[in-house]
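Comments concern the structure below.
The values are calculated or read from the model by the stated rules, or taken from the named source; none is laboratory data. Fair warning: this is a prediction, and the values are worked out from it, not measured in the lab. Note that each Cβ is placed from the backbone with ideal geometry, even for glycine, and that neighbours are counted across all protein chains shown.
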C-alpha cells in the first residue's frame, strides 16, 4: 500500500516550491478548469415587447414545416427590426460579424486545446524528472517536454475515453428528432410501447454510459502517465494503465476516494475564497477593462464601416469580452491553477509509488522476510 500522507504533503510542497509548474497550471485552468452553465431566464415571457402574431398552418410533411418555419422567421425578423429600429441588412451584417468572431474564437480554442495537452504532458514530465533527479527545469524546457508526439497521444486517449459521452449525446439527439418528427411533423401519437421504449432505452443507455465514463476517466489517470513516463503508444498506454490499476487496485481506489474528498473540500473552500479574492479582482477588473478596450475599439471601428447606430459596439463587445474575463478573473484563475498542479502532482507521485510497488520481485521480498525472521 502506498503512503497517501507522504504523497499529499509532497505534492503540496511541489506546488509552492516549483513555480515553473504554475504556468502550465494556468493553461489548464483556462482550458479545463471551472466551467459553468447557462443560468439565463427563458425568453418566452408573456410580457415581451417582441411578439409575433403568425399562425402556423397545417403541417404534414417536412417541406410544410420548412415553409411554415421560414414564414414565421420572416415575420419574427420584421418585428425584431421594427422594435430595435435597425434594418434587416444591418442585423444580418451584425450576425455574420459575430459569426466571424466566433470562428476566430474557435481557432483560438483549437490552439488552447493544443496547449492543454502540452501542459498535461509537461506537468507529468516535470514532476517525474524532479522526483528522479531533484532538478527543476525552466518553463521553456517544460514547453519542450509538451511539444512532442506524447501530447498528441494524450489527445487520442482522451478522445477514446470520451466515446461514451458522445454516445449519450447522439442517443439524445436521435431520440429528440424521433419525438419531434413524430409529434410535430407527422402529428402522430405515441403508443404505450413506444413511450416505454423511449424512457427505458434512454435510462438504460444513460446509466450504462455514465458508469462506463466514470471508470474510463478514472483509468485515464494511469493511461496518461504510462503514455508520458513510459513513452508508450496509445494501445500500450491502455494496456499498461489498466494492468497497473488492476494490480494496485486498493491503492488506486483509495487514492481516488481521497482526491474526491479533497475536491469536495475545495468546493466549500471556494465559497470562502470567492469573498477573499473580490478585492484583488476589483483591481484586475479595471486592468481587464483597459486591456479589452483595445480589441473592442478595433472591431467596433471596422464594423462601423458597414454597420450603423449602436450595432458596431455589440460586435466590439463580443470581441473584447473574452480578454476582459480572463484578466478580470485572474486571481481566481491563479488559485485554480494551483489546484490543477496539485491534482496532477498527486497522481504522478501516486503512479510512481504504485509502479515501484508493482516492480518489486515477490520472491525476493519473501526471501528477505525469511532471512530477517531467521
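Might you check whether a residue that is in a helix (DSSP H, G or I), out of contact with any strand residue (DSSP E or B) (no Cβ under 8 Å at 6 or more places or on another chain) and modelled with pLDDT of 55 or more occurs anywhere in the stretch 30-38?
yes
Taking the condition under 22 Å from residue 341 (Cα atoms) and in contact with a helix residue (DSSP H, G or I) (Cβ under 6 Å, 6 or more places away or on another chain), does residue 241 pass?
So residue 241 fits the description; yes.
Check whether at least one residue in the stretch 205-224 is out of contact with any helix residue (DSSP H, G or I) (no Cβ under 8 Å at 6 or more places or on another chain) and closer than 21 Å to residue 350 by Cα, and report yes or no.
yes
Taking the conditions exactly as written (touching a helix residue (DSSP H, G or I) at 6+ places or on another chain (Cβ under 7 Å), in a helix (DSSP H, G or I) and surrounded by fewer than 14 Cβ atoms within 10 Å (Cβ to Cβ)), does residue 295 satisfy them or not? It would help to see each step written out before you state the result.
Numbers: touching a helix residue (DSSP H, G or I) at 6+ places or on another chain (Cβ under 7 Å): yes; in a helix (DSSP H, G or I): yes; surrounded by fewer than 14 Cβ atoms within 10 Å (Cβ to Cβ): no.
Spelling it out, it is not the case that residue 295 is touching a helix residue (DSSP H, G or I) at 6+ places or on another chain (Cβ under 7 Å), in a helix (DSSP H, G or I) and surrounded by fewer than 14 Cβ atoms within 10 Å (Cβ to Cβ).
For the stretch 130-140, give me the residue count where each residue is buried (at least 16 other Cβ atoms within 10 Å of the Cβ) and either part of a helix (DSSP H, G or I) or within 17 Å of the chain's Cα centre (by Cα) (or both).
Counting residues in the stretch 130-140 that are buried (at least 16 other Cβ atoms within 10 Å of the Cβ) and either part of a helix (DSSP H, G or I) or within 17 Å of the chain's Cα centre (by Cα) (or both) gives 1.
Report the residue count in the stretch 246-278 for those that are closer than 18 Å to residue 339 by Cβ, in a helix (DSSP H, G or I) and touching a helix residue (DSSP H, G or I) at 6+ places or on another chain (Cβ under 7 Å).
Residues meeting the conditions: 6.
Which condition number in (1) at pLDDT below 90; (2) over 28 Å from the mean Cα position of the chain (by Cα) is the one that residue 247 fails?
Residue 247 satisfies all of (1) at pLDDT below 90; (2) over 28 Å from the mean Cα position of the chain (by Cα) except (1).
Mind listing just one residue for me: the one in the stretch 309-328 that is surrounded by fewer than 18 Cβ atoms within 10 Å (Cβ to Cβ) and over 20 Å from residue 106 (Cα atoms) and, of those, nearest to the chain's Cα centre (by Cα)?
Applying the filter and picking the extreme gives 313.
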